[in-house]
1. All but one of (1) more than 10 Å from the chain's Cα centre (by Cα); (2) surrounded by 10 or more Cβ atoms within 10 Å (Cβ to Cβ); (3) in a loop (DSSP other than H, G, I, E, B) hold for residue 41, so report the exception by its number.
2. Which of the numbered conditions does residue 4 fail, given that it passes all the others? Conditions: (1) surrounded by 10 or more Cβ atoms within 10 Å (Cβ to Cβ); (2) modelled with pLDDT under 95; (3) not in a loop (DSSP other than H, G, I, E, B).
3. Restricting to segment 44-54, and then to whatever is free of Cβ contacts under 8 Å to residues at least 40 places away in the same chain and surrounded by fewer than 16 Cβ atoms within 10 Å (Cβ to Cβ), can you tell me which residue is nearest to residue 16 (Cα to Cα)?
4. With the checklist (1) touching a helix residue (DSSP H, G or I) at 6+ places or on another chain (Cβ under 8 Å); (2) surrounded by 13 or more Cβ atoms within 10 Å (Cβ to Cβ) in hand, flag the one item residue 24 doesn't pass.
């Protein structure tokens with residue numbers, strides 16, 4: 001099963017959906033063997049998810065501002 005997605009599609013989903021996707025891909029990664037295409041896809045998707053999370057965290061105003 002393919003886990004790879006685009007950054008654009010990740011940017012369109014809610015924070016909760018992003019968290020669910022992160023957990024799902026992390027779980028799938030645990031079952032992937034080293035060097036397989038499935039593992040590479042999962043790692044690439046995790047990198048994109050983390051990038052979107054970081055973008056959202058840096059673009060939010062800090063409490064009290």
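The values are calculated or read from the model by the stated rules, or taken from the named source; none is laboratory data. Owing to the predicted nature of the structure, the values given are computational and were not obtained by experimental measurement. Neighbour counts are summed over all protein chains in view; Cβ atoms, including those assigned to glycine, are modelled from backbone coordinates with ideal geometry.
1. (3)
2. Looking at each condition in turn, residue 4 falls short on (3).
3. Quick first cut of segment 44-54, residues free of Cβ contacts under 8 Å to residues at least 40 places away in the same chain only: 46-47, 49-50, 53-54.
When the remaining residues are screened for being surrounded by fewer than 16 Cβ atoms within 10 Å (Cβ to Cβ), the result is 47, 50, 53-54.
On the way: 47: 17, 50: 14, 53: 11, 54: 14 Å.
Applying the filter and picking the extreme gives 53.
4. The failed condition is (1).
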